[in-house]
Structure formats: structure tokens, C-alpha cells
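One structure follows; several queries about it will come next.
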Amino acid sequence: MKQNDREKELPPCVGSIDTAQYQAMFRAADEKTSTHPNALHYTVWKAMALHPFLAKFQSILISLPFVYGFSNRFWEEMTDYMLEKKPGDRRIHRMRIIGLVCPEFNTALKHFARQFMHNYEASEPSDFQHGARPHRQAQDLAMIKLCTYETSRAGYLPIATTQYDASACFDRLYPEISNLNLLRLTVAKPLLRARAMIISRMRRSVCTGLGVSKRTYEQTPRGPRLTGKIQGKADVPIAYANTTDGILRGAHWNLAPRLKLPSPSMERSIEQSSLAYFDDTDGHVSAPPLAAREVEPLVCKLERSAQIWNELENWTGGSVAFHKTNWQFLAWELVKGRLQLIYETDEELVMKVEKGEWR
């Protein structure tokens with residue numbers, strides 16, 4: 001959590017929005033974007049942004065909560081919608097919950113998220129997290145994985161990989177944790193306080209096939225904690241990427257076993273512990289070459305790496321989706337003086353969890 005020298009030199013991200021910025025962010029807004037049913041539609045906001053006097057007046061009103069760190073009561077309303085991840089599959093655990101908030105609130109967060117991203121990239125982040133970053137896509141990680149396995153195959157260097165997926169990653173991101181990580185990027189405290197207060201006071205209605213519910217659910221003093229950043233808010237992707245980057249770079253890289261594949265000239269090497277695109281993470285390990293049996297040391301290292309990753313996810317409010325977790329390896333064994341590929345193994349990857357073990 002401590003700022004390094006590069007982060008201390010970053011320009012501050014404050015909550016004020018001037019007239020030009022207000023007009024630009026609504027000019028870029030997509031008029032087809034869905035919004036909270038009780039709020040003014042994007043069409044109205046785009047029309048008001050065209051008028052100089054209204055734009056100046058509205059920019060001040062939108063900025064006030066973020067400048068002074070309080071909650072706008074009108075922004076404390078949202079509606080939950082359930083969308084199909086796969087067309088036709090409407091089982092409750094296979095649906096995706098999206099929260100629709102007021103358009104001016106979400107557009108302001110999108111404006112601030114660009115500032116967060118600028119400071120995040122300027123802080124020299126690690127190459128382990130590719131989500132929500134410019135010029136980085138999931139295909140890049142697939143190519144890195146392909147090149148890693150090809151290097152392993154060509155040099156007979158044993159490696160193993162665990163594929164993780166987080167359960168409801170955005171809904172488990174605590175505002176307190178994300179705010180601490182954003183403070184490292186010199187984001188103003190009133191801005192972060194306003195975001196957290198609005199989320200904690202949200203009155204949430206639910207949309208079903210019968211329409212939008214008139215009753216709402218919300219955080220109560222003695223009720224269960226409603227955590228999460230609301231999937232659908234514009235600032236959630238960069239907040240999640242910034243939080244997990246600290247875990248990948250600061251904790252997992254230093255604590256877990258790594259993968260290291262030297263080049264033929266031994267002058268360079270591929271070295272990594274985990275690569276992630278948002279919550280989709282691959283843990284990598286390698287074992288010394290030319291051992292009699294390569295799978296056992298690989299599994300031991302991979303098991304330790306997976307255990308550390310699971311604990312790091314839990315400590316930050318996340319949870320590994322074990323039913324989506326799998327592992328693979330590329331290794332050889334010495335048979336009659338020749339290295340032959342191992343196609344199957346009896347080894348099991350065991351992860352200790354709160355209620356026992358997962359295999």
C-alpha cells in the first residue's frame with residue numbers, strides 16, 4: 001500500500017469537472033446506453049450539455065459531491081438486471097447481474113476512471129495484469145501462453161499451469177480496499193469518500209419479467225454486509241485491475257514459486273508467476289530439467305502457488321471459483337535413455353480451503 005517514488009510524482013486526481021470536460025464527456029456518451037428507470041435519459045443530458053449556461057451550471061452540481069466528499073441522495077438509487085451469459089440458459093447461477101445507476105453519476109465516474117487509468121499506467125505497473133489497460137487484450141495473454149509452452153516443448157523444460165476464475169469478482173471488491181489502492185495513485189480522498197458513501201446507501205430495486213419492483217433492498221445497520229462495486233459502473237474495471245495488480249506484483253510474485261525458462265544462449269529468460277486478464281488468472285511454475293520423474297516436483301510447486309493465490313484472493317474479499325479451476329502440465333520422463341512425453345498422471349492438485357480440501 002505504500003507509495004513508491006514514481007507514484008508520489010503523479011498528478012492529483014480531484015473531483016472537480018469544468019464546463020469543457022462536462023460537455024466533452026456527455027458528447028462522447030452513447031445515447032443508446034441503458035440507465036436507471038427513474039433518472040433522466042442520456043438524450044436529455046446530451047441536450048443540456050449543448051447549452052453553455054446549463055453546461056456550466058450542471059458541471060458545478062455534478063462536481064460538488066466529489067469535491068467535498070458527500071453523497072447525492074438522487075444517485076442512491078439503482079436497478080438490478082439479470083442477463084443471460086449464454087443465450088437460452090436462464091438458470092439463476094448462470095445469470096449475470098448488472099446494476100443500472102443514474103447516467104450523470106456513471107458518466108462522471110467514467111471521466112474519473114480515465115484519470116485513474118492515466119495515473120495507473122504512469123505508475124509503471126507490472127505486466128501481469130492486462131485487464132482494463134490500453135493496447136492490451138486477452139489475445140495477448142493467449143499468445144504469451146502459446147510461446148511459453150512452445151519454448152518449454154522445444155527445450156524439454158517441464159512447466160505446469162493452473163487456470164483460475166474468480167466468483168463474482170466485481171461484486172466482491174470491497175470499496176475500502178479499492179480506495180486504499182487508488183490513494184496510491186494520488187486520487188483525492190473526498191472523491192473516494194463520495195463513491196463509497198453512494199454505494200453503501202444504495203436503494204436497489206430489481207427488474208423481472210413483471211417489471212421493476214416498487215420495493216427495494218438496501219444496507220441496514222444490523223443486516224448482512226452488501227459489498228461489491230456494482231457491475232455496470234464505469235470505474236469498476238480500473239479499480240479491480242489496480243487492486244489485483246498489487247496482489248500479482250507485490251505478493252504472489254514474491255511468495256509463490258515461479259516459472260523460469262532460459263533461452264538457448266542463457267542470456268535471457270521467460271520469468272513469471274501469474275498472468276491475468278481481470279479475474280481470469282493463470283499461475284505458472286517450472287521444474288528443473290532432466291529429472292527422472294518431472295510431474296511430482298511440478299505438482300508440489302503448482303500446489304503451493306495455487307494455495308497462495310487462493311489465500312490472497314480471500315484476504316482481499318475475493319473467492320476462487322473452484323468448479324472452474326483446472327490445471328495442465330508439459331513434462332517428460334526418461335525411458336530407455338530417451339525423453340518421452342508424459343500424457344497422464346495420478347498426481348492430484350490439492351488446495352486447502354476453509355471447509356476442507358478441494359481436489
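If the cut-off is a Cα-Cα distance under 14 Å, which aspartates and glutamates reach Lys214, setting aside same-chain residues fewer than 8 apart in sequence?
Straight-distance partners of Lys214: Glu77, Asp80.
Between Ala28 and Phe53, what FRET efficiency follows from the Cβ-Cβ distance if R0 is 22 Å, with the result rounded to 0.05?
The value I calculate is 0.55.
Still on this model: Among Ser126, Tyr22, His252, pick out the residue whose Cα is farthest towards the positive end of the charge dipole of the chain, where Lys and Arg carry +1 and Asp and Glu carry -1 on C-beta, about the Cα centre.
So the residue we want is Tyr22.
To test your reading of the geometry: what angle, between 0 and 90 degrees and rounded to tens, separates the Cα axis of helix 52-68 from the longest principal axis of the chain?
Long axis of 52-68 versus the principal axis of the chain: about 60 degrees.
Let me ask something else about it. For segment 247-314, what class follows from the C-alpha gyration tensor (a ≥ b ≥ c being the square roots of its eigenvalues): rounded when a/c is under 1.5, otherwise prolate if a/b is larger than b/c, else oblate?
oblate
Related question: Return a whole-number percent for the relative contact order of the chain, with Cα pairs under 8 Å and 6 or more residues apart as the contact set.
Once divided by the residue count of the chain, the mean separation gives 22 percent.
Accessible area per residue, 1.4 Å probe, Å², for segment 51-138: what's the number?
53
Need the C-alpha centroid separation for segment 16-92 versus segment 261-286, integer Å.
41
With +1 assigned to the C-beta of every Lys and Arg and -1 to the C-beta of every Asp and Glu, and no other charges, what is the dipole magnitude of segment 152-209 about the Cα centre in debye, to the nearest 20?
320
What percentages, rounded to whole numbers, describe P(r) for segment 244-359 computed over all alpha carbon pairs with 10 Å bin width beginning at zero?
Calculated P(r), rounded to whole percents: 12, 40, 33, 13, 2, 0.
Place a +1 charge on the Cβ of each Lys and Arg in the chain and a -1 charge on the Cβ of each Asp and Glu, then give the dipole magnitude about the Cα centre in debye, rounded to the nearest 20.
1140
How much of the accessible area of the chain, in percent, comes from carbon and sulfur atoms when a 1.4 Å probe is used?
Ligands and nucleic acids excluded, carbon and sulfur reach 55 percent.
Can you tell me the alpha carbon radius of gyration of segment 81-213 divided by the globular rule-of-thumb value 2.2 N^0.38 Å?
Normalised by 2.2 N^0.38 Å, the Cα Rg of segment 81-213 equals 1.40.
Is segment 95-144 rounded, prolate or oblate when judged by the Cα gyration tensor, a ≥ b ≥ c being the square roots of its eigenvalues, rounded requiring a/c under 1.5 and prolate requiring a/b larger than b/c?
Cα axes put segment 95-144 in the oblate bin.
In the chain, which longest range has no GluC sites (Glu not before Pro) that are both DSSP loop (not H, G, I, E or B) and surrounded by at most 10 other Cβ atoms within 10 Å?
32-266
Just reorder Val101, Val353 by solvent-accessible area, largest first, 1.4 Å probe, all chains present.
Largest accessible area first, the list is Val353, Val101.
Under 1.5 on a/c is rounded, so check that first for segment 168-317, then, if it is not, pick prolate when a/b is larger than b/c and oblate when it is not; a ≥ b ≥ c are the square roots of the alpha carbon gyration tensor eigenvalues.
prolate
Tell me which aspartates and glutamates have Cα within less than 13 Å of Lys56's Cα, excluding those fewer than 8 residues away on the same chain?
Correct list for Lys56: Asp18.
Let me ask something else about it. Looking at the chain, send over the antiparallel percent of its DSSP beta bridges, to the nearest 5.
That works out to approximately 85 percent antiparallel.
Using a Gaussian network for the chain with springs between C-alpha atoms less than 10 Å apart, which of these wobbles most: Phe53, Phe112, Phe128?
Greatest mean-square fluctuation among the candidates belongs to Phe53.
Nearest 0.05, what FRET efficiency do Phe74 and Leu183 give at R0 = 45 Å with Cβ-Cβ as r?
0.95
Find the all-direction average of the projected area of the Cα convex hull for the chain, expressing the result in square nanometres with one decimal place.
Taking the Cα atoms of the chain, their convex hull projects to 22.0 nm² on average.
Also, quick follow-up: How about segment 201-308: which chymotrypsin sites (Phe, Trp or Tyr not before Pro) there lie in a loop by DSSP and see at most 11 other Cβ atoms within 10 Å?
Within segment 201-308, no chymotrypsin sites (Phe, Trp or Tyr not before Pro) qualify (loop, at most 11 other Cβ atoms within 10 Å).
So which trypsin sites (Lys or Arg not before Pro) in segment 314-350 are both in a DSSP loop and have at most 12 other Cβ atoms within 10 Å of their Cβ?
Counting only loop positions with at most 12 other Cβ atoms within 10 Å, the trypsin sites (Lys or Arg not before Pro) in segment 314-350 are Lys336.
The values are calculated or read from the model by the stated rules, or taken from the named source; none is laboratory data. Predicted model only: the values in this text are computed from it and were never measured. Virtual Cβ from ideal backbone geometry, glycine too; neighbours counted across all protein chains shown. With ligands, DNA and RNA removed, areas are computed over all heavy atoms of the protein, side chains included. Shrake-Rupley method; radii C 1.70, N 1.55, O 1.52, S 1.80 Å.
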